[in-house]
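Shown next, in structure tokens, is the structure this report addresses.
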Amino acid sequence: MSEEKKAKTPRALATKAAASIGKFVKNNLASSVTARSEGKKVAYAYIADGQDEIMRAMDIVPGWGESFAGVCSARRDAERFLQKAESDNFSRSLCTYATCTLGFDMIREELNGEPVPGASWGGMGRPDVILGSGQLLCDPRFKWPQATQHYLQDVPIFVSNMYYPPFDPKVDHKEQEKFYVKYAKDELYACVRFLEKHLGKKMDWDRLAATVELSDKTWDIFIDAYELRKAVPTPMDTGDAMNTMVPVTFNLGTQEAYDFYKDLYNELKQKIAEGKGVAQNEKYRLLWGAGLPSWFALGDFQYFNDKGAVFPVEITYRGGEKTERLDLPKTNDPLEHIAWRWMRYWTHWYDKARKRPGSLPKVERIIEYIEDYKCDGVVFHSAFSCRSWHAGIITQANVLKKIYSDIPVLIMEGDIVDISSYNEADTHARIDAFIETLETAKKKGRK
Amino acid sequence: MSRHFAGIDIGSTMTKVVILGDKIEASYIGPTGPEHRKLANKVMEEALSRANLSFKDLDYIVATGYGRINVPFADKQVTEITCHARGLHYFLPTVQTIIDIGGQDSKGIKIKNGKVSGFVMNDKCAAGTGRFMEVIADALAVPLEKLGELSLTATKPAFISSTCTVFAEHEVTNQLANGESTANLVAGIHDAIAARVFGLLNKLKIEPDVAVTGGGAKNIGLVKAIEARFKCKILVPPEPLITGAMGAALIGKETYENSVKSGETLLRSGKGLREATFFN
Amino acid sequence: MTQSNNNGLATAEKYYTQFGSRARELKASGKKVIGYLSALGPVEILTAAGVVPVRLKGNVSEAITKGDAYMETIVCPFVRNVFDAAVKGKFDFLDGMMLPHQCDSIDRTNDVWSLNLNLPYWHFLNVPHVTDDPSIDFTKEILRVFIGTLEKFTGKKITNEAITEAVKAHNENRKLMRELYDLRKTNPPLMSGSEMIKVLVAAMSLPVDESSALIKSVTKEVKERKAPAGKKAARIMLIGDQIDDAAIMDAIEGTGANLVMDDLSIGAKMYWQDVDVTSDPLQGIAERYLRKLKIPTTYIGDSDNYQENLEIRFGHMKKYIKEFSVNGVILFIYKYCDPYGFEVPAIKSFIESAGVPVLYLEDEYSTSTLARVKTRIEAFLEMIA
């Protein structure tokens, strides 16, 4: 809608790498629009479902609804799509990534697949297939595709199921690894068969193996680059990371993604050598403990920075770990390798949690980062439309305080896409109060 | 022998009565107050006196609105959705889509062949209702009934982004403090309500003719804002506050006439007007 | 305390109003009680383990006062309410709980439940969302793990024979409930929706043999009723997840409509499908819970034809409409529910295409909003009259 405010001046990004991300995102969206004319197939897909390498090896162009909705949110042009979805009885309390994209799909369909006027960065192209997933991440990943099919009735859907063992302090999850990995592998094979059937092309297994190798290397360089942020002052913070997460999240398995992190690594090394930090005066180092950010309010990171608070590390979108730490069994089967990597990553902090009574794997990860990155406090963001990432945050904060230390914690509330939930004055007031807490804690000599 | 029917609409703020014979014989609007029963009597009495009738002259009484279950002398209760549709259809028979902006809720109603064919309600949230207008009128120190004409003098409606009444109030007072004119702010609030109402009505297929009823329909500025948002002419019934009571009276008349035709006994409440005042 | 054969409905009323009272008695007599949520709880396994399975509910008339300190308010209102009841000690008769992986609101709060309740037994059963063959195999594996934890807890081995016996007992239980439902096919139905919900709630809180005895007793009592005279009112089917309070049914039936059928997770969703008796009993159980239950959290409908997918997902609703002569449907969905919420346009259009009007209501698990709900229901009934 024309009268909606456009995004304010974007926050000053600390790294050139982060500033270049717009190009990646635009390209991703544009590729989904031009795919048809280039003889390529488009698959609507969702991040962190383990299907990246399969798509890239088959030259499938992903249509990332989450990216599109994030862009609409950041550009403050999501409301008309949310309203369109609401007009067909999708509740406002549902995942707003989904309802934003559904609204867009509905409008595009009414235009017979033609581009939706004014859609952020050209919008997304109509998909040939949809790849969903039932996993331990989120329900919308299989309900959203199904809901989409109500409007795109000729588009086939495949839903895989990628599970990993749930955390149980009394159980050694390694006893269940074998059948979990077999299950995940079987699901990945089913995904390949679906794509071969509906796209009429065969998987090139050598190419897949090479793509998986590349994605392993990308995880490694991604973490190497991020670990440079341990430096004091930190050369990059979460505000940037919400941009630099794009390649590993949306372009995993491509050379561009790998090259991006190589460049980032070099840039951060350079900044450290020059003593350049994110904030002029770095007073407080914070961990972004959980939660998707409000994409329309990334400027709030600037607000933190202006008060001397920086975020050298975050859990959100740090969707990988150095493969050597995951102790992956050797295999020639690239899909089996993905299955092991999937499972070992998601259970990486289980052993630590079992060793500390009352702990949880997510909290162990938080503790690890607090210590490695020398953090003074933790900030969580609870987004109302996303149960998947935000239910459980109160417990994480409580457990952290109980088993670790009385470190200052802030839980902010808002949403990923729906701006009507956001009030800038209130948010800033909360941040101010938290800064005061950090100051007090610092004075008392707490870590 | 002429028959008389009454429709009584007990809203959150106002109680409305229509006495119907072959035509409208009287109507009256009074404040509801906290105790529906007590005031329902008074409003009914007032309407009856204006029609020169007594309570026993009434052949059937239908109650509607928020407080409809608390009218002991009513013979039947019917929701305000059905009653507003019926009443509006009587006054404006070409209307297919109704927007009702009441004190505490807003509704969308579709009419097909004189009957309700679909409806949506927003009664969970003040934004888009009369309450929203009251809060803003207070904040701007403008009498509620003057909001409409004031907004027509706006040079450029302010943009209010918050959909929540409380946040919108903040925004309005902030903008006022920053020098924005009252007229522009009121016009901006009207736009915000129109947007909200549009979002609600979108769940129905908006088909012309479109009409507005309820207290909101008396605000000329709001009606214009709705016209701009809906991009079509918006009709307003002669007295927007009584469409519900009118519909109730019409349903009363129909119920009576059906029972005469079919020969079935008409069940009545058996309660007189006076008795209600003895209830606690 | 034995149940009299003559007052099934009174017994149901008792177990409905004093929810969990029987479990408390059984615990006092030395039995172990395991609570669970959702229609995905594999009761056959729990019964075979010799424990008393109790499907938990909250209380729609009770405001959430303690739970919010631990559990986010964006979680499913039903889950929040039951959790609140649990931390308030309403289920102090529990020796443990098992939570099946139905949805985010359960899976993401598993830690919140287990850490705060700190029960001697806890298990999260990682039920898949899809139904292909690898998923069946996987389900059997996790059922084996589940059985192992139960054996450790009870100190007793759970044999295949015990499971097969439990399967037969629960199949019988489900068959009896379906026979009770049949008594609602008449016009007007022989029992009200309000009475039915009390039977459903009572049944889910009793050991299977006592549940079956209760259902039999109610059926006998209702069969002996004279068909009520009166105008044929609207015949409504209620679709939703766990709607378990008579207040909701009364809100519908108080307007003169008859609630004649449901597709609720404590009703038809739970009782309409049986377990096939298979040589490996876990095979039949996996197949029932994965492939036979029609619940939004299990993804089905893989055909290349969308209309066929709708039939696969919702065809049973059309069957119910026909069998129970339904002429109006109320779709009652909780706020913050992605699995049901995303299905609303598809369900609504599917049922409307069968010529039956649908009222979609979004609400909380609470009676605080009941007046508003009533107005919508009344307006809907006036509309379809």
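The values are calculated or read from the model by the stated rules, or taken from the named source; none is laboratory data. Everything numeric in this text was worked out from a predicted model, so none of it was measured. With ideal geometry, Cβ positions are generated from the backbone for all residues, glycine too; neighbour counts draw on all protein chains shown.
Modelled with pLDDT under 95, assigned to a loop (DSSP other than H, G, I, E, B) and surrounded by 19 or more Cβ atoms within 10 Å (Cβ to Cβ), is that true of A:Ser405?
No, not satisfied.
Consider B:Val172 carefully, then state whether it is farther than 26 Å from B:Pro237 by Cβ, buried (at least 22 other Cβ atoms within 10 Å of the Cβ) and not charged (D, E, K, R). Judged against the criteria, B:Val172 is a match. Selection within segment B:206-255: residues that are more than 17 Å from B:Ala74 (Cα to Cα) and free of Cβ contacts under 8 Å to residues at least 12 places away in the same chain. The member of this set that is farthest from the chain's Cα centre (by Cα) is B:Lys231.
Checking the structure you have, find out if any residue of segment C:218-229 is among the polar types (S, T, N, Q) and at pLDDT below 95. Taking every residue of segment C:218-229 in turn, none turns out to be among the polar types (S, T, N, Q) and at pLDDT below 95. With respect to the conditions (1) surrounded by 18 or more Cβ atoms within 10 Å (Cβ to Cβ); (2) on the phi < 0 side of the Ramachandran plot, B:Gly214 falls short on a single one, namely (2).
Restricting attention to segment A:111-129, does a residue exist that is under 18 Å from A:Trp64 (Cβ atoms), among the hydrophobic types (A, V, I, L, M, F, W, C), outside any loop (DSSP other than H, G, I, E, B) and at the interface with chain C (Cβ under 10 Å from one of its Cβ atoms)?
No, every residue in segment A:111-129 fails to be under 18 Å from A:Trp64 (Cβ atoms), among the hydrophobic types (A, V, I, L, M, F, W, C), outside any loop (DSSP other than H, G, I, E, B) and at the interface with chain C (Cβ under 10 Å from one of its Cβ atoms).
Does B:Val43 satisfy the condition of being at pLDDT below 90 and of a type in the set (A, V, I, L, M, F, W, C)? Considered against the rule, which asks whether it is at pLDDT below 90 and of a type in the set (A, V, I, L, M, F, W, C), B:Val43 comes out as yes. The C-beta contact set for segment A:347-365 (first residue in contact (Cβ under 8 Å) with a residue 60 or more places away in the chain and more than 12 Å from A:Gln396 (Cα to Cα), second residue outside any helix (DSSP H, G or I) and not basic (Lys, Arg), distance under 6 angstrom, 6+ apart or interchain) comprises A:Thr347/A:Tyr164; A:Tyr350/A:Phe167; A:Ala353/A:Ser359; A:Ala353/A:Leu360; A:Arg354/A:Pro169. In segment A:136-148, which residues are within 20 Å of A:Ala190 (Cα to Cα) and more than 8 Å from chain C (Cβ to nearest Cβ)? Across segment A:136-148, the qualifying residues are A:Leu137, A:Arg141, A:Pro145.
Can you tell which of A:Lys362, A:Lys374, A:Lys444, A:Lys401 is on the phi < 0 side of the Ramachandran plot and away from chain C (no Cβ under 14 Å)? Selected residue: A:Lys444, the only one of A:Lys362, A:Lys374, A:Lys444, A:Lys401 that is on the phi < 0 side of the Ramachandran plot and away from chain C (no Cβ under 14 Å). The requirement of being more than 10 Å from chain C (Cβ to nearest Cβ), crowded, with 24+ Cβ neighbours inside 10 Å and either in a loop (DSSP other than H, G, I, E, B) or at pLDDT 95 or above (or both) is not satisfied by B:Val95.
Does B:Glu169 meet the test of being away from chain A (no Cβ under 14 Å) and part of a helix (DSSP H, G or I)?
Spelling it out, it is not the case that B:Glu169 is away from chain A (no Cβ under 14 Å) and part of a helix (DSSP H, G or I).
Residue check, C:Glu151 against (1) outside any helix (DSSP H, G or I); (2) closer than 25 Å to C:Arg22 by Cα, all met but one. Which one? Of everything listed in (1) outside any helix (DSSP H, G or I); (2) closer than 25 Å to C:Arg22 by Cα, C:Glu151 misses just condition (1).
Restricted to helices (runs of 4 or more DSSP H) entirely inside segment C:73-121, those with at least 1 residues that are within 11 Å of chain A (Cβ to nearest Cβ) and touching a Lys or Arg at 6+ places or on another chain (Cβ under 7 Å) are C:77-87, C:104-107.
Anything in segment C:176-185 that is under 14 Å from C:Leu259 (Cβ atoms) and surrounded by fewer than 19 Cβ atoms within 10 Å (Cβ to Cβ)? List them, or say none. Result: C:Leu183, C:Lys185.
Of the residues that make up segment C:307-329, is at least one within 26 Å of C:Arg184 (Cα to Cα), basic (Lys, Arg), out of contact with any strand residue (DSSP E or B) (no Cβ under 9 Å at 6 or more places or on another chain) and at the interface with chain A (Cβ under 9 Å from one of its Cβ atoms)?
yes
Condition first: within 8 Å of another protein chain (Cβ to nearest Cβ), buried (at least 18 other Cβ atoms within 10 Å of the Cβ), over 24 Å from C:Asn59 (Cα atoms) and not charged (D, E, K, R). Now tell me which residues in segment C:348-379 satisfy that. Hit for segment C:348-379 is C:Ala379, nothing else.
Look at (1) closer than 22 Å to A:Tyr422 by Cβ; (2) part of a loop (DSSP other than H, G, I, E, B); (3) more than 14 Å from every other protein chain (Cβ to nearest Cβ) and you find that B:Ser161 fails only one, number (3).
Residue-wise test of (1) over 28 Å from C:Lys175 (Cβ atoms); (2) touching a Gly at 6+ places or on another chain (Cβ under 7 Å); (3) not hydroxyl-bearing (Ser, Thr, Tyr).
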| position | (1), (2), (3) |
| --- | --- |
| C:Gly256 | yes, no, yes |
| C:Val277 | no, yes, yes |
| C:Glu308 | yes, no, yes |
| C:Lys322 | no, no, yes |
| C:Val326 | no, no, yes |
| C:Glu343 | yes, no, yes |
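Restricted to helices (runs of 4 or more DSSP H) entirely inside segment A:179-294, those with at least 3 residues that are aromatic (Phe, Trp, Tyr), out of contact with any strand residue (DSSP E or B) (no Cβ under 8 Å at 6 or more places or on another chain) and over 22 Å from A:Trp389 (Cα atoms) are A:255-273. Determine if segment A:120-136 includes at least one residue that is surrounded by fewer than 20 Cβ atoms within 10 Å (Cβ to Cβ) and on the phi > 0 side of the Ramachandran plot. Looking for residues that are surrounded by fewer than 20 Cβ atoms within 10 Å (Cβ to Cβ) and on the phi > 0 side of the Ramachandran plot, one finds at least one in segment A:120-136, hence yes. Name the single residue, out of those in segment B:109-154 being facing chain C (nearest Cβ under 10 Å) and part of a loop (DSSP other than H, G, I, E, B), that is surrounded by the most Cβ atoms within 10 Å (Cβ to Cβ). Among those residues, the one meeting the criterion is B:Asp123. Filtering segment C:122-148 to residues that are more than 7 Å from chain A (Cβ to nearest Cβ) and in a helix (DSSP H, G or I) leaves C:Asp133, C:Ile136, C:Asp137, C:Thr139, C:Lys140, C:Ile142, C:Leu143, C:Arg144, C:Phe146, C:Ile147, C:Gly148.
Can you tell which of A:Tyr164, A:Tyr151 is in a loop (DSSP other than H, G, I, E, B), modelled with pLDDT of 95 or more, more than 7 Å from chain C (Cβ to nearest Cβ) and touching an Asp or Glu at 6+ places or on another chain (Cβ under 6 Å)? The unique qualifying residue is A:Tyr151.
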